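Enquirer: Quick one: structure below, then a few questions.
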Amino acid sequence: MAKWTPTHEAPEPLEGPVVATITGGTILWFVLFLVQLPFYGWFADHGHTWWLWTCLAGGGLGLYGIYFVRRRDAAIKRAASADPAAE
């Protein structure tokens, strides 16, 4: 097992516009759901209604993701302002 043990430190995680990324993905899931909704009959005839429900579930989980990353971002900012020596 020692053969597969990493010998170097893991890099720092990349930070970016996380809230904007999650919001954009959530909007995309809801747009995909709304675009497919008029074709529900075709999806039902061909057994592909799961496509619609997958898009709706993605949008719903994205709403939770927006809530989560906004709270995370606020907590990071609070921690940074409380401890200016950490920078």
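Enquirer: Residues being over 14 Å from the mean Cα position of the chain (by Cα), without any contact (Cβ under 8 Å) to a residue 12 or more places away in the chain and surrounded by 14 or more Cβ atoms within 10 Å (Cβ to Cβ): count how many of those fall in region 52-87.
Expert: Looking only at that region, the number is 1.
Enquirer: Does residue 49 meet the test of being without any contact (Cβ under 8 Å) to a residue 40 or more places away in the chain, polar (S, T, N, Q), surrounded by 11 or more Cβ atoms within 10 Å (Cβ to Cβ) and closer than 13 Å to residue 26 by Cα?
Expert: no
Enquirer: Just to be sure before I move on: is residue 37 farther than 27 Å from residue 77 by Cβ and in contact with a Phe, Trp or Tyr (Cβ under 7 Å, 6 or more places away or on another chain) in the structure I sent? Steps first, please.
Expert: Numbers: farther than 27 Å from residue 77 by Cβ: yes; in contact with a Phe, Trp or Tyr (Cβ under 7 Å, 6 or more places away or on another chain): no.
Criteria not met by residue 37.
Enquirer: In region 8-39, which residues are over 20 Å from residue 63 (Cβ atoms) and either in contact (Cβ under 8 Å) with a residue 24 or more places away in the chain or surrounded by 12 or more Cβ atoms within 10 Å (Cβ to Cβ) (or both)?
Expert: Once the filter is applied, which keeps residues that are over 20 Å from residue 63 (Cβ atoms) and either in contact (Cβ under 8 Å) with a residue 24 or more places away in the chain or surrounded by 12 or more Cβ atoms within 10 Å (Cβ to Cβ) (or both), region 8-39 yields only 39.
Enquirer: Which condition number does residue 59 fail, the rest of (1) in contact with a Phe, Trp or Tyr (Cβ under 7 Å, 6 or more places away or on another chain); (2) over 16 Å from residue 24 (Cα atoms) being met?
Expert: For residue 59, the exception is condition (2).
Rule-based calculations on the coordinates, nothing more; no lab input. The shown structure was predicted, so the numbers you read here are calculated from the model rather than taken from an experiment. Every residue, glycine among them, receives a Cβ derived from its backbone with ideal geometry; neighbour counts consider all protein chains shown.
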